[in-house]
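Working notes, beginning with the structure itself.
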Amino acid sequence: MENILMTVVYALVSLFIITNYGLLLNGVVRKIVARVHGRFGPPVWQPYLDIIATYSKRTAVSHGVMFLLGPVFRLAGGIGTYLFIPAVFGSALFSNFSFSGDLLLVMYFVFFGQLGMALGAGEGGHPYSAIGVGRGLSQMTAFEFPFSLSVIALAVQHHTLSITEIVAAQQGGIANWTLLTNPFAAAAGIIALLGMNMHSPFDIVIAPQEIPIGPPVEMHSGLLGMLQTNRAVFTAAKLVLFMNLYLGGAANIPAMIAKTFALYMVSVVIGVSFPRFRTEQSIRFFLKVPLVLAILSVIYVTLL
Amino acid sequence: MNGITSAHHTHTPQAESSLDFDSGKYVKIWQGPQHPGVTGNMSLELYISGSEVVQCKTHVGYLHRGFEKLMERRRFIQNFPLVCRICVPEPDTNEFLYASAIEELAGIEVPERALWLRTLNLELSRLASFLMWIGGQAGAFGLGTVGQWTMAHRDFILDLFEELTGGRVYHMYMLPGGVRADLPHGFDKRLLHVIADAEKLLYEIEKVVFHNAVFKKRARGLGVISQDMVDTYGVVGPNARAAGFARDVRKDSPYAKYSELDFDIITGTGSDAWERARLRYLEMHQSIALIRQIMERMPGTGPFYNRPPNVLHWEIPPGQTYVKAESSRGEYGYYVVTDGSMFPRRVCVRGPSYAHAVTLLEELIVSVDIADIAGLMVSLHTCPPEIER
Amino acid sequence: MKKKDRSRREFLENAGLSDPEKELFCNAKPRPSKTLGKYMEGFLNWSRANSLWILGYGTGCGAIELRPLMTARYDMFRYGIAPRPTPRQSTVFIIGGYASVKTLKRIVRSYEQMQDPKFVMGLGSCTINGGMYWDSYNTINRLDHYIPVDVYITGCMPRPESIIAGFEELKNRIRKGYTQGANQYINNFDWYKRNQKQIIKDWNMPDYNW
Amino acid sequence: MKTVLKELKKTFSIDSVLQQKDRTWFITVQREHAVPLLNHLQSIQGFTHLSLLTAVDRIEDNRFELAYILFNHYEKVTLGVNVLIDRDNPVMDSVHHLWRHAATHQRELNEMFGISFPQSPRNSESFILEGWDSMPPMRRDFDTKEYAEDRFFPRPGRTTNDPASFMKDKLYPEGE
């Protein structure tokens, strides 16, 4: 009994820590992007201020229950994703509920949030939200193919679907990481992560010049605040998940930060240096090289 | 399919009748005026099926200030603060045209050096406008980085303007009979320095934008202006040159000192967004070269201002004229009519966007993906204030 | 809201709309919003002052100086100011210079769709007294007759530095607690509406755009 | 250009010819000859580019003066065709079949001067103004100052200097 209580307390603590980490990560990334632009950029703690200011805005309009539930689902998706991943391998504080949920559950949570958001945004009634939802879901289906296939490759390779065991199988030096033991799967998964992170050229959902700004166009005050919180949690959760899957997890906090940051930098650097795909271009992109890589990874592990 | 308008159906008039907008197959979306992807303050009334535009009506007039009416009740000299505000990104063309029209009608001589200074100003403003434009073009496709760089460099050019004319955006530099001020001391060194930096930036931009696969994917085949559209739609400037017509007011009817500068007209083939972007990029290099030429060939000293007669009761004999110059968007024209009184009888401004942003855009936008509308508008380089004045 | 509130609610007649349209739009009359306790509101004001989101709507030629402001030369992100493309999420509405009658209609619409608390900055002399278009038949003279204005920035055009100074002024006002522009609008609702309808002839939108 | 004008004089009645400057000419033709003349100029004489179509309000002799500014890209000649039409019943034939963007100019003329072009598409739609209920603003007898002052709540305290006296003090203190 205490065991489960302690786990809950631990999970809440690690959730709190990971939220702050996500916020600071966003702040740092804004700084880095600003430097590429030749600017100083906002202070690192700007995301905190933005969230407080957003929550502090009053709201006078509503578009119905589903509209209110959309961001809730999104945030639930983000938190759920995180809660079933061991953030730090072997640490009781950061292992969350990873023993009780396997990779499939996490994958479900990754996409649960977007589906919930789609429902909520559709309720908003703004044409741009509808268009944005359509774009987002179609792109999501596109990058789900390589991602799922590379996950299947991992499962076949390590004979398990539990993330903890996948991480455990990668311990003992960089040579055991999936990045090296199964490079195809890693490549496919990380390219899928680019799409998941929604930086350029895959930021077709919130394309400010095209459909400002997609699904959250009607969201304001608390709802937008929830979305911002989710952006912090979900980004960190996704990075932790991919770190666990491909970069051999992390034995301690600094290792986790280093690896997730490096992983995120891929998206950011590509994001600042590329324009945006059109929807069908992005779908075609995901269904070409990454899909081939993913299939190769499955073949590779089966031949292994 | 998406994003590609082919020449054959763009030339036929829009088939409003064949489309039944009550059938529920089409969604009506107002893009703008409050929309980051619309250039300036105008709006598009779009009928889309899926994400593809089937019909568009442009709505302008959000920036209408009634310049032409206001000019009729201000004296000739009082109009100079007004004219430069007609086109915000590139005011010098307006100043030059109004001044030269007045000089022509009143028969005022302009000293040699003033003409050189005017040419310098015009070319600088062209370069500044182009820099702003390429940032917008890249930003419309989602590459905000280039915009950040170019706007900063445009600002250095604005600093030069401020040093030369005292105004950052609006200069009011050219008056009938010359220009207001001579070059400050050491201006040429600073100018050449800024130009060199801009040139360096352009080479970086070429790497980032024109060697970029995604940009190429987006811009190729977007908004093709076929050869036979150019005359019937009044397409001018880079949009026409990209279609293969060697038309440039600086060559066709030379003004200021352009007849003494050597440059040749850059043309492209098959005017789509990529070709236009490429062409404007080359024209930026060209105007940098022109500015260098001007600085070389400009006479060192000399008078730069012939004082006009007493501008208080300055009556210009009746007459009419049409003067034009090549702005960054194409032929910019002023039609000025005087009736011998102290006020102009009629001043009509012909902005190049007048044809580009209304008739041409309504044709090109058909069957374009809604994602490409911003890119299409920017690639036509539309500027609303000069449409409605 | 509570039951008794709903019983006391007043409704707008939305005279400009046709009957089928009347069902589409909410016709409730807006009501002033209440502020929280002193310290809580102070804390929120501090955060509001440090994260200002501009509505991305270049209503006039003043917008030309917003782009240098947003970009590398005068980097306004340093001060926590960022552009935002939708009215629902933005805090500051910058009226860039003169507002023609056609634009004023959109300005009113966007302003009413912004969520409380919201602030308005009038850019350039044209918003103060018409500037050099004071005798034009299509541009308004005084912006504060149509929407409440927090800060005016003079000049034509105002330099980016002066816009930044204007933002500092706005921040000071917010920290001091002058955040009730929306309530001022709602309390003098009829006066503002009368002024707006006097010059916007074809009023084909609801009286208050929720 | 002179040969072109000679040819034109054969078929159309040209009232006046004015060479404004080198390579810029203005001719005045009768209203009924205007559109055929423009058609001829575009298709045969190579004046393929319509720069501008605008009007001048000649209120003193109760006429509107339309000005079609054409440009010949081969001869590099600018030609302005002026047409005087009656101010009381301002109707003109459309040229949008020759130049598509002429329709836009004609919309603007219809709105700003009240000159109607019946065949021109969307001619009666409002182009720039919205909900305009007064006389067309670009007519000479429309006083924009008065209109603005009784509608737009002018801010008190604006002092208007008489430009003559004010600039006399500033610019020409010695007096000329």
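3J(HN,Hα) couplings calculated from phi for segment D:38-43 with the Karplus curve 6.51 cos²θ - 1.76 cosθ + 1.60 (θ = phi - 60°) are, in sequence order, 4, 4, 4, 4, 5, 8 Hz; Gly and Pro show x. Label-to-label distance, residue A:302 versus residue D:61, with points set 7 angstrom from Cα along the beta-carbon direction: 9.2 nm. Under 15 Å from a point 7 Å along the Cα-to-Cβ line of residue B:227: which residues of segment B:264-279 have their amide N that close? What the label zone holds, given the 15 Å backbone N cut-off, is B:267-272. Counting, for every residue in C:49-59, the Cβ atoms of other protein chains within 10 Å of its Cβ and taking the mean gives 5. Other residues whose C-beta falls under 13 angstrom from the C-beta of residue B:169 contribute a net charge of -2, scoring Lys and Arg +1 and Asp and Glu -1.
For the protein assembly as shown, the fraction of C-alpha pairs farther apart than 61 angstrom is 13 percent.
Based on other C-beta atoms within 10 Å, arrange B:208, D:95 from fewest to most.
Placing the least packed residue first, the sequence is B:208, D:95.
Straightening the chain between residue B:187 and residue B:213 buys 5.3 nm, computed as 0.36 nm per residue apart minus the Cα-Cα spacing.
Ranked by the mean number of other Cβ atoms within 10 Å of their residues, highest first, the peptides A:43-52, D:62-71 fall in the order D:62-71, A:43-52.
Between residue C:78 and residue A:288, the FRET efficiency estimated from the beta carbon spacing at R0 = 51 angstrom works out to 0.80.
Other protein chain C-beta atoms within 10 Å of residue C-beta, averaged over B:128-140: 1. If only the Cβ of Lys and Arg carry +1 and only the Cβ of Asp and Glu carry -1, the dipole of chain A around its Cα centre is close to 760 debye. For chain D, the longest principal axis of the C-alpha atoms and the axis of helix D:102-112 are separated by about 30°. Hey, how many Å between the Cα centroid of segment C:75-154 and the Cα centroid of segment D:140-176? Answer, in whole Å: 26. Identify the residues of segment A:110-129 with backbone N under 19 Å of a label point that sits 7 angstrom from the Cα of residue A:61 along the Cα-to-Cβ direction, or state none. Correct set: A:118-129.
From the P(r) of chain B, could you give the percentage of C-alpha pairs in the tail past 38 Å? Counting every Cα pair in chain B, those more than 38 Å apart make up 20 percent.
Each peptide in C:121-133, B:229-241 was scored by the mean count of other Cβ atoms within 10 Å over its residues; highest first, the order is B:229-241, C:121-133. If both residues of a DSSP beta bridge must be in the protein assembly as shown, then about 75% of such bridges are antiparallel.
Which whole number of Å³ per residue matches the convex hull of the alpha-carbon atoms in segment C:54-199?
In segment C:54-199, the Cα hull volume divided by residue count equals 95 Å³.
Report summary: the helix-based calculation at 222 nm, which adds -39500 (n - 2.57) for every DSSP H run with n ≥ 4 and divides by the residues of the protein assembly as shown, gives -15000 deg cm²/dmol.
Two tests apply to each whole DSSP H helix in chain B, Cα reach of 24 Å or more along its axis and mean Kyte-Doolittle hydropathy of at least -1.0, and the ones passing both are B:112-140, B:144-165, B:187-205, B:273-297.
Karplus-derived 3J(HN,Hα) values for segment A:110-126, using 6.51 cos²θ - 1.76 cosθ + 1.60 with θ = phi - 60°, are 4, 8, 4, x, 5, 5, x, 4, 4, 4, x, 5, x, 5, x, x, 7 Hz; glycine and proline are entered as x.
Shielding value for A:43-56 is 5, the average number of Cβ atoms from other chains within 10 Å of each residue's Cβ.
Taking every C-alpha pair closer than 8 Å and separated by at least 6 residues, the mean separation divided by the residue count of chain B gives a relative contact order of 28 percent. Here chain D is treated as a Stokes sphere of Kirkwood radius computed over C-alpha pairs; at 4 °C and 1.567 mPa s its diffusion coefficient rounds to 69 µm²/s. Take the Cβ atoms of residue D:141 and residue D:170, set R0 to 25 Å, and the FRET efficiency comes out at 0.15. Given R₀ = 22 Å, FRET efficiency for residue A:12-residue C:34 by Cβ-Cβ distance, to 0.05? E between residue A:12 and residue C:34, to the nearest 0.05, is 0.10. The label point for residue B:306 and the one for residue D:150, both projected 7 Å from the Cα toward the Cβ, are 4.6 nm apart. Compared with the dominant Cα axis of chain A, that is its longest principal axis, helix A:2-37 is turned about 70°. Sorted on the mean count of surrounding Cβ atoms within 10 Å across their residues, most packed first, peptides A:156-167, A:192-203 read A:192-203, A:156-167. The label point for residue C:201 and the one for residue D:11, both projected 7 Å from the Cα toward the Cβ, are 4.3 nm apart. Remark on residue D:51: its backbone amide H falls under 5 Å from those of D:69, D:70, D:71, a criterion applied only to residues 5 or more positions apart or on other chains, H modelled at 1.01 Å from N. Near the amide H of residue C:56, within less than 5 Å, lie the amide hydrogens of C:84, C:86, all on another chain or at least 5 residues away, with H placed in the peptide plane.
Quick note: the coordinates plus some simple rules give every number you see, no bench work behind them. Keep in mind the model is a prediction, meaning the values are calculated, not measured. Because the Cβ atoms are built from the backbone with ideal geometry, glycine has one as well, and the counts that use them run over all protein chains shown.
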